[in-house]
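Data first, discussion second: the structure below is written as structure tokens.
Laboratory data are not the source of any read-out in this text; all were calculated from the coordinates shown. All of these numbers come straight from a predicted model, not from anything done at the bench. So basically every Cβ, Gly included, is an ideal-geometry build from the backbone, and we count neighbours across all protein chains shown.
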Amino acid sequence: MNYAKVFLLMTGLMVFMVLLGGAIGGEQMAMTFFGIALVMNVAMYWFSDRLVLKMYKAQTVGPDDAPELYQMVDRLRKQADLPMPTVAIAPKDQPNAFATGRNHKHAVVCVTAGLLRLMDRKELEGVVAHELAHIKHRHMLVSTLAAAMAGAIVMIARWGVFFGGRDRNLLVMILIMILAPIAAMIVKGAISRTNEFQADATGARIAGSPDGLANALARLEGYAQRIPMDVNQAGASLAIVNPLRGQGAMSSMARFFSTHPPTEDRIAALREMKGTF
């Protein structure tokens with residue numbers, strides 16, 4: 001099913017690029033943009049994890065750089081029956097985390113400096129187990145591609161408006177600029193909402209208890225509202241808690257476009273698991 005989603009994402013990007021090229025410069029430009037889309041699809045499949053790490057300005061670490069974190073990931077990945085992923089730390093004050101990569105053998109678990117500083121050991125284990133669950137269920141390929149493609153679509157749409165403004169297609173380009181980010185948000189939201197609940201449940205089993213993750217989610221939600229994070233919007237859908245969440249309750253429309261399910265719903269689902277294993 002995930003590979004079908006990958007195919008649909010790549011096909012969607014190609015269709016968008018061809019339509020954009022045609023709107024800018026007719027059939028010849030459409031073919032040029034088709035070629036660009038092919039290159040982008042290949043590049044994003046193989047290098048999307050690196051692009052996401054750059055969005056967060058994260059650096060990979062080894063057992064000598066962050067021994068406690070590395071050993072925790074190693075222990076939990078064995079419980080999850082996974083190969084050892086690459087471990088990375090993003091220099092962000094807001095506590096958060098995400099997983100990326102194209103398969104089990106090329107996976108990355110990234111945590112922020114704020115997460116290491118503000119979470120206790122049990123909470124940190126819950127968060128790391130959640131990210132390993134994304135890897136186990138192969139969520140990260142679809143999510144990483146969606147994030148990378150959403151960023152590319154927004155960039156290309158804006159580029160198209162800039163150049164399209166020189167000819168009669170200016171109105172079309174403006175519409176693309178407005179609609180493309182909305183479309184990208186819908187794609188990311190549709191992918192990540194169900195994945196988060198599944199990763200929460202599996203992560204709780206990997207950690208051996210739902211308590212650490214449930215407590216961490218409650219604290220992460222509060223920190224996300226108080227501590228801003230400077231990160232590309234396209235990469236926000238990968239984080240365990242939306243790093244761009246604003247103050248106050250979200251409106252029903254904002255919930256529809258959100259890339260994350262309500263944190264209180266996730267915590268309630270985890271609390272219901274208590275005593276089941």
Check your understanding: How high is the FRET efficiency between Thr60 and Asp120 when r is their beta carbon distance and R₀ equals 25 Å, given to the nearest 0.05?
Key -> 0.50
**Study point:** Efficiency of FRET from Cβ geometry, Ala43 and Arg226, R₀ 45 Å, rounded to 0.05
**Key:** 0.75
Point to revise | Exposure proxy order (Cβ contacts within 10 Å, fewest to most) of Glu221, Glu125, Glu272, Glu131 | key: Glu272, Glu221, Glu125, Glu131
**Study point:** Calculated FRET value between Thr194 and Met84, using beta carbons and R₀ = 30 Å, to 0.05
**Key:** 0.65
Point to revise | Estimated distance in nm for a label pair at Tyr70 and Phe277, the labels positioned 7 Å out from Cα along Cα-to-Cβ | key: 2.8 nm
Revision key, fill the gap. For Asp81, Asp65, Asp211, ascending order of other Cβ atoms within 10 Å (fewest first) is Asp81, Asp65, Asp211
Revision key, fill the gap. Log entry: pair-distance distribution for the range 101-148, C-alpha pairs binned every 10 Å from zero, whole % per bin is 26, 45, 28, 1
